[in-house]
Each structure stands twice: as structure tokens, then as C-alpha cells.
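Here is the structure we will look at, set down as C-alpha cells.
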């Protein structure tokens, strides 16, 4: 069954230094259950094959393993991103299982980069074969989250708690949109909520950038360095987070 | 080649221009005048065909001068010097760290090379090890090395001045990396020898953090080097790996682009006829220069480093360099397949042809005996030559043209198969973008992967760094700007860099993405 599993793959890159620890091979899966206004890769949102320059490929696990094997001597691991990786959790499970079962690849760690919008069974199913997850928390406030993504955030919050309990939460990422989700009170609540999960959590504060984003009116605003640092300072005041601002 | 010294001559004009050049310092003028003077002597005897190829720059002697009176690259055995002391310089063996550092500084001032500055300062972690124990704190060590480092940069102002570290970790190694990061000097250049089974990730990561600050160290594959040279080897100058207690008499090189331009016909004919012809002319040039150094100038009979046993002619060889492989391959592809636009670094057939050319050169050089080259078992060392300031429209060594490099992964796959042939170094350069600064372990992964793939030596340049690597050596962008503004600069290598940078736009080298800004985060 697992060898025949196929995934809809938007693209792959052999080397990435921004998708988890060390140098990683990254699989970007096609299809996302969010429709974020700030999405940098909106062509990866539709969950079906699309025509054109960005047409996704239907790939098998062995096809991906062939690519990964070439790059393996240079890697700490692989990361499945998206799109939304957990929308194709069965394929992710098959890929990670195959990596762990391959003697030449077994040293690679398997990470998921996710929006967190999936049920507890998804993480429970993946946990035996995955080594870590990076979860985006678009906003702690449910209403703003709905505006930013088109979806509620209850599953995201539950995923963060569950992954921490499983020992699989590598990093939480906060995407900051100026004037949308960087209010003082909101950031302080977010800090308290994250600290209650894990006061030593690795938190990445990411400033929104226009690159690749679909045009809209009114336009979204990039936070300046001062605004980003203000978020980081508030977080650091709340707990001993391992904070990275980019 | 020999200067016309009759009447109203070129020599006088050039000498006058040098003495009146307001942007050159006193020492820089003296060194350039000395080089000019040797041009008055006749060139070593070579055939008309060799002279023709030299004058057309198909082959090149690196402007070492008409009468070589020093070996080009000299690697004194500093460990031995410290054990036995120096007769010529009246220095007894040092007994303390302060003595050892003073001893070395004095010795450095008397070690010749083609640049007039020493190109090798020792494997300092090992040379200084006998003088560093628990009685010296890390702070004291940093303090002593910091003063020593400033002295090196100010008294030996040339970026070809080079020292080696590793493969084992040590307090001295860590201290040197700390001092490097805090001082951020162009000099000395540094190599870290990496043995994947001995060198801890933690040390490689410390070195990577230093790369982010200063563009140093260079990384070499220690087991591969030991396989070619034995464990007494070092990387020196702009990445020439040679035997300690030995070195290279000379470096000659052949411009493969120019060879291809003089060829008509098939690739097989190129490999069977045209290439061997120019390889032999290059070897003839090397032999003439080696004989001049050894038999006419008697360097090894007279220099104190040789008479005190700190260098041994039997540990020397000559370096046979190639460059312009990329253009050579692209030309041959076009000859073979009319209209082909297959490019080296971007096409499997072109890359395969590149490997055939390199293998053929290696085969020819390994069949051409060379006198006084016991360091190479009687043959030249093959070298992928990283370029000089006068190279225009031709790519260094076996590299992919600047700005035309594919992704780092493909870049490594193109270059790695060549590395085993170049015992005396190849020095590919990879550019990383600033995202790597937040994930140095990713660079450690790439270093380990590159060595597992058979790479011999390479360097990383961080995009946006004040330091920029020109052909193999480092300069600060602010120093280049001073030369452009006519102010002059303190390091002699900065002038070479200014020529390369203007001709070559090297600072526009393609950034190698090991990151993916626009992909993640979503």
C-alpha cells in the first residue's frame, strides 16, 4: 500500500536552511485548507491539479526517495511543507515510513511544516514516524484568525498543545501583519498562552512581506523592524522563549 | 619578454611611474622595482613554440619574473624550527608562549615567496601546542594571539599569507577563531582541515560562524589530502595544498579556452592532438623555470631554510595549473554539435566532457617527468588555478562562470568529480545567502556532504559580507573602494583584487540558495 501511495506535489527543493534544523530537503505539497490573505504561494492553495507554470506533479514515494537519496549526504533531514502537509497525511506517513526504513536515509529527521488545522488523530498517526513539527499560529484571537485565514483557530491551538505533549513541537511561528495581529494586548495574551504550553518554546517572529502575495484592497502592511522587535520584546518579557526574529 | 633597455626605453618609463606613484607605499614600491629589475635578465631558455604560446598567453608563467630566485611557495617546517632553533637568525628554541610567538614573528619576516611575504605561517594549533597548558587561561591565550594577529596583518600585509588548523579540536584553534571574529582582518588567510571522523560538528560550526564574520576559514578534506601528500601537508596562499618542509618551485598554467580557440575538428582530435601539444609546452615552461631556480640561481644550495633542514628540495614539485575549463567545454560542444548551446554546469553532456578534458590533462601531466619534483614523485602537481587579476573573459580553474552557477546542489555535483585529480588544490567557492546565518548547522551539513561527495577543498562566501573573495584571497570592499578612489591600500593583494573586480564583476557572483525565502513561511 505505502509504496503505491501518491501525493500531489507542488515542488521540491534539495537544499533549504529555513525549514527546520540544519540543511533539509523540502517537499511542498499541493493544496491547503486555509486561504490566507498573506499567502506567499497562493498557487499551492487549490487541492487539485492546476494548469500552467506551477502545475503540481502526482508523485510516488519511491520517486521522491530517488531525489532525496541524491541529496542525503548533505542533509540533516527532510521537511514536508505546503500547501498544507497534513491535508495529505497518509502520503506524508508513507514517505516518512519509507525514509525511516531505508538504511541510507534512516539518519534523516522527518519534520512537518503545518498550519496546525487538523484533528488529533492526524498527529497521533504521524507521531511514530515524525521527529518534529513547525506550526504557524496566525492569530490567537479567533475572530482575527478567521479574517486572516478564512478558518477558525481551535484546531491550531489544540495541535500546538498536542504536539508539545508528544515532544514533537519544534517551533511555533508568528506571522506579524502590521495593524492586524500586533496589538499590545493581543501579543501579551499570545505570549501568556504560549508560555502556558511551554515557557522554553522556540518562537519565530516573522514579519509579513509582500513578495508573492495576491493583491488586495486595502493592501496588507509589512511591519517595520521596530514593530517586529516590539513583538519580540513583549514575548521575551513573558517567558524564557527561544526567540528568533526574521 | 626581456625588457628593451637601450636608449629611451620602457624600463625607464615604468621605473619612473613606480617611484612616482602616489598611491603605493614605500615597501610596495621597493618590491615592484625589484620585480621590474629581473625583467632585464634573459628569460630561461625555451623553444620558439613555447615562447609563442607564452606571448599569446595560451600558457602563462604567472609573471614570476625572468630569473626565479626563490621557490614560489615555501612551507617551512615550523615545528622542527621551534624544536631546533634557528642558526641563521640566532634564535634558540623558545620555551614559553610569548617566546614562541616572538620566534615565529621573526622567522616569518625571513621566509621568501613569490609575493615576497611568507605564504605559510604553520599549522598553528600544532606549532603552539607545546606552549599552551592549564596555566594559561583562555583569556590570556586570546590576548596573546590577538596581539600576534594584529602584528601579522600589519607586518605581512598580503592576503596570501596563510595558516592551517585542524583536523583535531584544541583550545588554540578555538581561541584563533574567536580572535578572527573579533578583529575581522583580511590577513592571515586560514584553512581548517576537516576529517569527518575526527573533527567535531561543534568545531566545524564554530568555523562556519567565523566564515559569516570574515569569509574564513577555507575547508579542506583532510583524509583526501593525506592520501595524496601524507599527513605533513598544508593549504597555503590562495589554496595550494603542498608538503610541509617543501612547497612548489613554480606555477605555470594553461588557458584551456585559448587552447580550444586554436582547435578545429572533433573533440577526440582535441584530446589526441591539440591538448597534448599545449600541455607539453606548459610542461616545457615549468621545466625551464625549475631548472633556472635550482641550477642557475642555486636557491636550495644557498638559502638558510634549506641548509638548516627546514625545507628539503625532495619535498618540492612544480604546479601545473589549468583554467578556462568552462569556456573550453562550451567551445568544444559547439564545434561538435553545430549550434549547441550546452553549457558547462548546466548540461549533463557538457559536464561529462569537462570530466574527459580534466582526466586527459591529468593523464598527460602524470606521464611527463619533471626534474627536481620528488615531492610529486617526479611529476608536477595538477592544480585548478583560481585566476589572476589580468584574466578577462575566462573562468578560473574548473569553476562554473561567475553569475552562471546553478543551485548549490547542482554546482557541487558538477564540480565534485574533478576534485580527486587536483592534488595541489582546486578551491571552488560557494555563495550562501544571509538566511544561513540563523542556521549555521545547515552549512555544516553541506560541508560534510561535499566531503562525502569527494570534494577536496572549498570556501564559502556570505552574501552581503564586507569581505569578498576575489580569485582565492580575501579583500575588504572598503579597501577596494579606496583604490578605486585613488587613495591606495595597505595590503598588496588589494591591488590585484582591484584589477580582478573591475575586469570580472566578481562581487556579482550568483548567490547560492541553500535557503528559500519566498517559499517558507507560507
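Which length gain, in nm to one decimal place, applies between residue B:266 and residue B:41 when the Cα-Cα distance is subtracted from 0.36 nm times their residue separation?
Values: separation 225, 0.36 × 225 = 81.00 nm, distance 4.18 nm.
Here the segment from residue B:266 to residue B:41 would lengthen by 76.8 nm.
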- Query: What span do the alpha-carbon atoms of the protein assembly as shown cover on each of the three principal axes, reported in whole Å from largest to smallest?
  - Reply: 90, 69, 50
- Task: Output the Cα-based Rg and Dmax of chain A in Å, rounding Rg to one decimal and Dmax to a whole number.
- Result: 17.7, 52
- If you take every DSSP beta bridge whose two residues both sit in chain B, what share of them, in percent to the nearest 5, is antiparallel? 35 percent
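Sequence gap at least 6, Cα distance under 8 Å: using those rules, report the relative contact order of chain B to the nearest whole percent.
Values: 988 pairs, mean separation 82.6, N = 522.
16 percent.
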- Item | On Cα atoms only, tilt of A:89-101 relative to the major axis of chain A in degrees | 60 degrees
- Query: Which ordering of B:249, B:277, B:419, B:411 is given by a fewest-first count of other beta-carbon atoms within 10 Å?
  - Reply: B:277, B:411, B:419, B:249
- Item | Rounded tilt (10° steps) of A:61-71 against the dominant C-alpha axis of chain A | 80 degrees
- How many angstrom lie between the C-alpha centres of segment B:23-70 and segment A:223-246? 60 Å
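Ranked from highest to lowest mean number of other Cβ atoms within 10 Å per residue, what is the order of the peptides B:287-296, B:266-275?
Numbers: B:287-296: 20.2, B:266-275: 16.0.
Answer by packing, highest mean first, reads B:287-296, B:266-275.
Which ordering of B:282, B:116 is given by a fewest-first count of other beta-carbon atoms within 10 Å? Display every interim value, and only then the final one.
Working: B:282 30, B:116 17.
By the 10 Å Cβ count, ascending, the order reads B:116, B:282.
Normalized C-alpha radius of gyration of segment A:75-182, against 2.2 N^0.38 Å? Intermediate results must be reported in sequence, preceding the final value.
Numbers: Rg = 14.6 Å, N = 108, 2.2 N^0.38 = 13.0 Å.
Dividing the Cα Rg of segment A:75-182 by 2.2 N^0.38 Å gives 1.12.
How high is the relative contact order of segment A:2-173, given as a whole-number percent (alpha carbon pairs under 8 Å, six or more residues apart)?
Taking the mean separation of contacting Cα pairs over the length of segment A:2-173, I get 22 percent.
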- Over the Cα atoms of segment B:41-186, what is the Rg over Rh ratio if Rh follows Kirkwood? 1.10
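Tell me, B:434, B:284 in order of fewest to most beta-carbon neighbours within 10 Å? Each step should come with its number before you reach the end.
Numbers: B:434 15, B:284 20.
Going from sparsest to densest Cβ surroundings: B:434, B:284.
What does the structure give for B:399-410 when I average, per residue, the other chain Cβ atoms found within 10 Å of the residue Cβ? Write out the running numbers ahead of the final one.
Details: counts 0, 0, 0, 0, 0, 0, 0, 0, 3, 4, 8, 1.
Per residue, the average neighbour count from other chains is 1.
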- Item | For segment B:205-277: relative contact order, % (alpha-carbon pairs under 8 angstrom, 6 or more apart) | 13 percent
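In peptide A:18-31, how many Cβ atoms from other protein chains are near each Cβ within 10 Å, on average? Could you put the intermediate results ahead of the total?
Values: counts 14, 7, 3, 4, 9, 15, 5, 1, 3, 0, 4, 0, 0, 0.
The mean count of partner-chain Cβ atoms within 10 Å per residue comes to 5.
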- From the C-alpha gyration tensor of chain B, pull out the three semi-axes of the equivalent ellipsoid (sqrt of 5λ each), sorted largest to smallest, in whole Å. 33, 30, 23
- Taking only Cα atoms and a 10 Å spring cutoff, compute GNM fluctuations for chain A and point out the largest among A:56, A:120, A:218. A:218
- Using 0.36 nm per residue of separation minus the Cα-Cα distance, give me the extension gain between residue B:296 and residue B:154 in nm, one decimal. 47.7 nm
- Query: Share of antiparallel DSSP beta bridges in chain A, in percent to the nearest 5?
  - Reply: 25 percent
- Query: Averaged over peptide B:444-456, how many Cβ atoms belonging to another chain are found within 10 Å of each residue's Cβ?
  - Reply: 3
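Readers should treat all values here as calculations from the given coordinates under stated rules, not as data from a laboratory. Please read all numbers here as calculations on a predicted model, not as lab measurements. Neighbour counts run over all protein chains shown; Cβ positions are idealised from the backbone, glycine included.
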